[in-house]
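Attaching a single structure in structure tokens format; questions to follow.
The values are calculated or read from the model by the stated rules, or taken from the named source; none is laboratory data. Keep in mind that this is a model prediction, so the values were computed, not measured. We place every Cβ from the backbone using ideal geometry, glycine too, and count neighbours over all the protein chains shown.
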Amino acid sequence: MRRKTLLAVGLLLLTAIAAACAPNATQDTLQPAGEFARKPYDLFVVVFWVAAFIFVVVEGALIFFIVRYRHRKGREGIPPQVHGNTRLEIAWTILPAVILAGIAVPTVTTIFDLAREPEPGTMRIDVLGHQWWWEFAYPEEGIVTANELHIPTGEPIYLRLCAVGLAYEGQASPSECQPGPPDGAVPALIGDSVVHSFWVPELAGTQDVVPGQTNYLWIEADEPGTYTGQCKEFCGLSHAFMKFTVVAHTPSDFARWVEQNQAPAPIPEPGSDAAAGAEIFAAQCIACHMVDGLLDAEGEPILGSNGAPNLTHFAARECFAGCMLETTDENLRRWLADPPAVKAGSKMPDLGLSGEQIDQLIAFLNTLR
Amino acid sequence: MATIEHADARHPVAEEHATSTGLPNTKLAMWLFLASDCLLFGALISTYVLYRGASLVGPYPDDVFDIPYTSVSSFVLLASSLTMVLALAALQRGDVGRSRIWLLATAMLGLTFVGGQVYEFTAFYHEGLTLTTNVFGTSFYVLTGFHGTHVAIGILMLLTLLWLSLGGRLGPERVEAVELVGLYWHFVDIVWIVIFTVVYLIPTGSGPA
Amino acid sequence: MASVSVPGERARGLLRRPTATTGLWSWFTTVDHKKIGILYGITAFGFFLVGGVEALLIRVQLAQPDQSIVSPAVFNELFTMHGVTMVFLVVMPLSAAFFNYLIPLMIGARDVAFPRLNAYSYWAFLFAGIFIYSSWFLGGAPNGGWFGYPPNSVLDPSRGMTFYALGLLIAGVASTVSAVNLAVTVINMRAPGMTLFRMPVFVWMGLVVQLLLAFSLPIVTIGLVELLFDRRFGTHFFDAGAGGSPVLWQHLFWLFAHPEVYILVLPAMGIVSEILPVFSRKPLFGYQFVVFSGIAIGFIGFGVWAHHMFAVGLGPIANTAFGISTMIIAVPTGVKIFNWLGTMWRGDLRFATPMLFAIGFIAMFVIGGLSGVSHAVVPSDYQQTDTYYIVAHFHYVLFGGAIFGLFGGLYYWWPKVFGRMLNERWGKVNFWIMLIGFNMTFGPMHVLGLQGMPRRIQSYPASLGLTFWNLVATIGAFLIAIGVLVFLVNAVASFRRAKEMVADPWDARTLEWATSSPPPEHNFDEIPVVHSLDDLWHRKYAETQGGRVVPVPAGGSGEDAGDGGHGAHAIHMPGPSYYPLVASLGLPIIGYGIIFNWWLVAVGLVVTLAGFYGWILEPSAE
């Protein structure tokens, strides 16, 4: 009987531990995949073991006292009235202070290490937090993308983060992540932006994205792969669905990605569904979205806005709508039919598209590879 | 019988025995409240200082401030501290009549100050500075308005004292009430000196920093 | 001001003076600190149940991945209201209940310094709670988090955050008034011989908490006023587009909200410091050190606020400074824990329910304290901030800490307040269910946070591997709910038994046990004269030179015991009054007025003024 209970408890514990170390936990701070996640992790490990030791000592003493000094039947009289011991007091004031001082030293050096300035030639990417999606701009490469941050492995990358709102029109490309007033003008960039927090746990600790303030963050991935992240600071209705992925490529793959993404979108074959979709896009979507390479009837480029994701290479992205949805025709159909029904508070309104229009738009979007 | 009840009422239960510090409860409470109020103004003044030169559009402080005018109204408020002291001293001497005059004078000087502030706000408004124009307008009006509200509450308390006095219910035995209102009044004056210095006297330039 | 009372020939109030001191109506007009304490306790417990239901709904929504039992909009309202409720409407007023009831008894006073102001505080707090909760029916509950970060909290189109700002302002008035009142009581109303260092630790913690309140509340008051103005009048305090700074709010908020953490936990620490010695049958180990560490925590508590803001981008120097100050505050906290252990050391431990909760407090608070140290390690906090690891941490401090301590206090002082014991067996069941449920709920949240679950998310995908521990946490939350129900049943059942009226059932050490249970309206027939720390204990037991303790023979306890022998001479207590209720009623009316109609503001001001003038003209006792 007793053995069975033990077995059951053991099995339960095993399940618990197995679940705790689930291999598909892809946002795990305990599995750092680059220098800037490893440094916080290394410190955490130190603190964890110090804390574990103190935990065992204190809780051990507590349990020992509970057992040792519990009231026993037949015990009469009152225990000796000890009022304190100054030497002990001094000891248990100084000892924790010393331990904490020991922890403080690596803490401080790591703080300054993580806040170091970039050297010339460092790769830089701008991160713009929108409600509720992420925009990534590569000022050197001239690429603007959404929700998928592509980086080369083995290279520390310096991110510049700022928060932007919908009132972000009038600028074809966010060449500058510029939260301050550009040339004294009222900064349209900030608009109705809110505080977000950029977090990709396996690559770095978090950094808030604050309206009116430019923040910086180092990230680096050792190995190629996909790392998930999401907004960590409560930012309104769809805070839970403001996600993104970081795709790390080998340097040569990354160069290929850059080349591919610098190319304008292909012009859809005239008369095809995609061409019809492009027309709908030019009429309806262009108010907020942008597709580089889109031409009007006279062959002039159509400039869109960057208030919403730049869709030039939309079909090459695995996810959309703040990585709430996987890029599939079915999801696109659901989304285009009524965005706010899919994602609470979505700034993209229900455009009242017919089923046919939606299919044509999807055909067009699928050409944007 | 009635007289016994009066005695009890005059020494509420709280003060049935001497207080531990020897200070009356009311005075201790007022000091504590004023200390707490200091942080209220501290936070407001910090906000103003933080936003000094942060406005993106005018009018800026130098466009609207009329330092001589505000200096005069500040002097009026400071003078009211003097009359407050005189009111208290008169009542301590037992000179109820004089105490009424000085209480009234204090309230009138306070009213003059608040009136001056209303006039100033109106003038600024006509020069284009509203609560929502820029962060200067926002932080200026809320800071000085908060202080003005404090002064207004003070005036209300002074007039209440005066009213009690006219009804014969503010004799020398109630001198503590005047002392308490006096503490509050002096505090509000001192805060104004700080605000006047920080907001008006320390130059801020005329445009965004 | 308000306390100015004028002797008159007869009451000149607008209302007839209430006289009843018993019956339902007397609860609306009472100025008795004990009745007000009970009112605080009942109200806070009611909100505790409501806040608990909100927590259960949150846990149901998160029990499985990708659920939409609760919509994002409602989810945001739920976690905001859960936080606001538990902080401002449960732990603070529940602590206020203990302070109100016990401080005058513990220092040998007849009442607090300003009894009518005390009633005013209670009613203002009640109205604040009702005001905030009325938002559910009047345009949406607050939904920007209890921390209300702008610009999100300003931009949100629902009325919720306006209710939040105004409701907390009203609660702030209540707390500030109460803080001044109780601080003056402790400083000024002590019985003869009750020097500061003869005060029970609970009273000390009470004093520290009142001072923390008095100096931290005004800061958030200004933050709330600025938030209100941004929302209601279109000012630009937190509008980055106009040169304002959203980070200013964060500073103003945390400058209050970090001391607030100590405001929430120090009362429980005080309670534990009272319970442990009684059930160990030993004096508190290192009394002065426990007191001084409490004061130190209060002081340092004002210098650590930016550790909530490590990821905001304040720069490495600020982060270093606040990281180190946060480590420093761990030292006095440790001192307290070691002294509690020292109290148990070589004691004669009796595990009655209050003692179980006190020990539970220590065991759980240690975990919360240690996870707190990992936040002081700034780079480590870059990962943990705004994750469930933080949720786990502060629940270990505020539930495993504050709530356990307060529950211990409920079991401990219940017989004093109501003259009846709570059932011990059910008390133990209550404790163990709550302890297990608590650890099942919040223990796994450490893991969840480290595995990458952010706070305040309405759902999470199955792919993140967070499902198992979320389910465990949800089951744990329901266990806690069962534990609370057990307490409720126990509490109700205690009233079905006859009063036992034992003055000192635990063989306790402090003055509140020297008077009858429940105490008479005037607390003590004779104001006690205090000769030492733990005065009651020394009336009952004498310590010989060798540290041996012998009971003092009956009747030898001196003339100070409040045994009710001299009931003949009259003790004048302050009379009941309507005016605190009237004056505080003005506050929510002004609040509604600011939201809905300016004429209501005028009505509210008139009600407030009428209340205060009636108050001034009414003598405190007749």
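Of all residues in the stretch A:27-72, count the ones that are at the interface with chain C (Cβ under 8 Å from one of its Cβ atoms), aromatic (F, W, Y), under 38 Å from the mean Cα position of the chain (by Cα) and more than 15 Å from C:F338 (Cα to Cα).
Counting residues in the stretch A:27-72 that are at the interface with chain C (Cβ under 8 Å from one of its Cβ atoms), aromatic (F, W, Y), under 38 Å from the mean Cα position of the chain (by Cα) and more than 15 Å from C:F338 (Cα to Cα) gives 3.
If I ask for residues that are touching a Ser or Thr at 6+ places or on another chain (Cβ under 8 Å) and surrounded by 18 or more Cβ atoms within 10 Å (Cβ to Cβ), which ones from the stretch A:236-253 would you list?
The answer is A:S238, A:A240, A:K243, A:F244, A:T245, A:V246, A:V247, A:A248, A:H249.
Related question: Across the stretch C:291-311, what is the number of residues that are facing chain A (nearest Cβ under 9 Å) and within 23 Å of the chain's Cα centre (by Cα)?
1
Collect the residues in the stretch B:25-34 that are more than 7 Å from chain C (Cβ to nearest Cβ) and either more than 15 Å from B:E176 (Cβ to Cβ) or surrounded by 20 or more Cβ atoms within 10 Å (Cβ to Cβ) (or both), keeping them in residue-number order.
Passing the criteria: B:M30, B:L34.
When the stretch C:188-201 is examined, which residues are found to be assigned to a loop (DSSP other than H, G, I, E, B) and either under 17 Å from B:L32 (Cβ atoms) or at the interface with chain B (Cβ under 8 Å from one of its Cβ atoms) (or both)?
Those that are assigned to a loop (DSSP other than H, G, I, E, B) and either under 17 Å from B:L32 (Cβ atoms) or at the interface with chain B (Cβ under 8 Å from one of its Cβ atoms) (or both): C:M189, C:R190, C:P192, C:M194.
Table: residues versus (1) outside any helix (DSSP H, G or I); (2) within 20 Å of A:V47 (Cα to Cα); (3) more than 9 Å from chain A (Cβ to nearest Cβ).
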{"site": "C:F351", "(1), (2), (3)": "yes, no, no"}
{"site": "C:M355", "(1), (2), (3)": "no, no, yes"}
{"site": "C:F365", "(1), (2), (3)": "no, yes, yes"}
{"site": "C:S380", "(1), (2), (3)": "no, yes, no"}
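Looking for whichever is of a type in the set (G, A, S), touching a residue at least 24 places away in the same chain (Cβ under 8 Å) and at the interface with chain C (Cβ under 8 Å from one of its Cβ atoms) here; the options are A:S193, A:S272. Which one fits?
The unique qualifying residue is A:S193.
All but one of (1) in contact with a Lys or Arg (Cβ under 9 Å, 6 or more places away or on another chain); (2) at positive phi hold for C:G193, so report the exception by its number.
(1)
While we're on this one: Within the stretch C:427-474, count every residue that is β-branched (V, I, T) and either more than 10 Å from chain A (Cβ to nearest Cβ) or under 30 Å from C:P415 (Cα atoms) (or both).
5
Residues being surrounded by 11 or more Cβ atoms within 10 Å (Cβ to Cβ) and at the interface with chain C (Cβ under 7 Å from one of its Cβ atoms): count how many of those fall in the stretch A:73-87.
Qualifying residue count, the stretch A:73-87: 7.
Out of the stretch A:320-366, which residues are within 12 Å of chain C (Cβ to nearest Cβ) and part of a strand (DSSP E or B)?
A:L325, A:E326
Before we move on, is C:L448 buried (at least 23 other Cβ atoms within 10 Å of the Cβ), among the hydrophobic types (A, V, I, L, M, F, W, C) and in a helix (DSSP H, G or I)?
Criteria met by C:L448.
To continue, here is another question. With C:T185, C:T162 as the choices, which residue is of a type in the set (S, T, N, Q) and within 14 Å of chain B (Cβ to nearest Cβ)?
Only one candidate passes the filter, namely C:T185.
Moving to a separate point now. I'd like the residue in the stretch C:417-445 that is of a type in the set (D, E, K, R) and in a helix (DSSP H, G or I) and, out of all such residues, is farthest from C:K499 (Cα to Cα).
C:K428
For the stretch C:184-223, name all the residues that are without any contact (Cβ under 8 Å) to a residue 60 or more places away in the chain, farther than 21 Å from C:L533 by Cβ and among the aliphatic types (A, V, I, L, M).
C:L213, C:A214, C:L217, C:I219, C:V220, C:I222
Let me ask something else about it. Go over the candidates A:I125, A:I103, A:I90 one by one and state the one that is of a type in the set (A, V, I, L, M, F, W, C), farther than 30 Å from C:K282 by Cβ and in a helix (DSSP H, G or I).
A:I103
Read through the list (1) within 7 Å of chain A (Cβ to nearest Cβ); (2) in contact (Cβ under 8 Å) with a residue 12 or more places away in the chain; (3) over 21 Å from C:Y262 (Cβ atoms), then give the number of the only condition that C:Y412 fails.
It fails just one condition, (1).
Among the residues of the stretch C:312-353, which ones are within 25 Å of the chain's Cα centre (by Cα) and among the charged types (D, E, K, R)?
C:K336
Further, regarding this structure: Go through the residues of the stretch C:271-281 one by one and say whether even a single one is at the interface with chain A (Cβ under 8 Å from one of its Cβ atoms) and free of Cβ contacts under 8 Å to residues at least 24 places away in the same chain.
Within the stretch C:271-281, not a single residue is at the interface with chain A (Cβ under 8 Å from one of its Cβ atoms) and free of Cβ contacts under 8 Å to residues at least 24 places away in the same chain.
Yes/no matrix, rows are residues, columns are (1) touching a helix residue (DSSP H, G or I) at 6+ places or on another chain (Cβ under 9 Å); (2) within 10 Å of chain C (Cβ to nearest Cβ); (3) not β-branched (V, I, T):
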site: B:L104; (1), (2), (3): yes, no, yes
site: B:A107; (1), (2), (3): yes, no, yes
site: B:G110; (1), (2), (3): yes, no, yes
site: B:F113; (1), (2), (3): yes, no, yes
site: B:A123; (1), (2), (3): yes, no, yes
site: B:Y141; (1), (2), (3): yes, yes, yes
site: B:T149; (1), (2), (3): no, no, no
site: B:L164; (1), (2), (3): yes, yes, yes
site: B:V175; (1), (2), (3): yes, no, no
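Residue-wise test of (1) at pLDDT below 95; (2) hydrophobic (A, V, I, L, M, F, W, C); (3) within 23 Å of A:E89 (Cβ to Cβ); (4) surrounded by fewer than 21 Cβ atoms within 10 Å (Cβ to Cβ).
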{"position": "C:F310", "(1), (2), (3), (4)": "no, yes, no, no"}
{"position": "C:G313", "(1), (2), (3), (4)": "yes, no, no, yes"}
{"position": "C:I317", "(1), (2), (3), (4)": "no, yes, no, yes"}
{"position": "C:P332", "(1), (2), (3), (4)": "no, no, yes, no"}
{"position": "C:K336", "(1), (2), (3), (4)": "no, no, yes, no"}
{"position": "C:L341", "(1), (2), (3), (4)": "no, yes, yes, yes"}
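Taking only the stretch A:88-109 into account, find how many residues are in contact (Cβ under 8 Å) with a residue 60 or more places away in the chain and either more than 7 Å from chain C (Cβ to nearest Cβ) or in contact with an Asp or Glu (Cβ under 8 Å, 6 or more places away or on another chain) (or both).
1
A further question on this structure: Could you run through the stretch C:224-247 and say how many residues are in contact (Cβ under 8 Å) with a residue 24 or more places away in the chain and within 11 Å of chain A (Cβ to nearest Cβ)?
5
Please specify each residue of the stretch A:205-244 satisfying the condition of being within 7 Å of chain C (Cβ to nearest Cβ) and in a strand (DSSP E or B).
Scanning the stretch A:205-244 gives A:Q207, A:D208, A:N215, A:Q230.
How about the stretch C:465-490: which of its residues are surrounded by 18 or more Cβ atoms within 10 Å (Cβ to Cβ) and in contact (Cβ under 8 Å) with a residue 60 or more places away in the chain?
Of everything in the stretch C:465-490, those that are surrounded by 18 or more Cβ atoms within 10 Å (Cβ to Cβ) and in contact (Cβ under 8 Å) with a residue 60 or more places away in the chain turn out to be C:L466, C:T467, C:N470, C:A473, C:T474, C:A477, C:I480, C:A481, C:V484, C:V486, C:F487, C:N490.
Only one of these is buried (at least 20 other Cβ atoms within 10 Å of the Cβ), modelled with pLDDT of 95 or more and over 26 Å from C:L196 (Cα atoms): C:I275, C:I359. Name it.
C:I359
Take C:V209 and tell me if it is over 30 Å from A:N215 (Cα atoms) and part of a helix (DSSP H, G or I).
Yes, satisfied.
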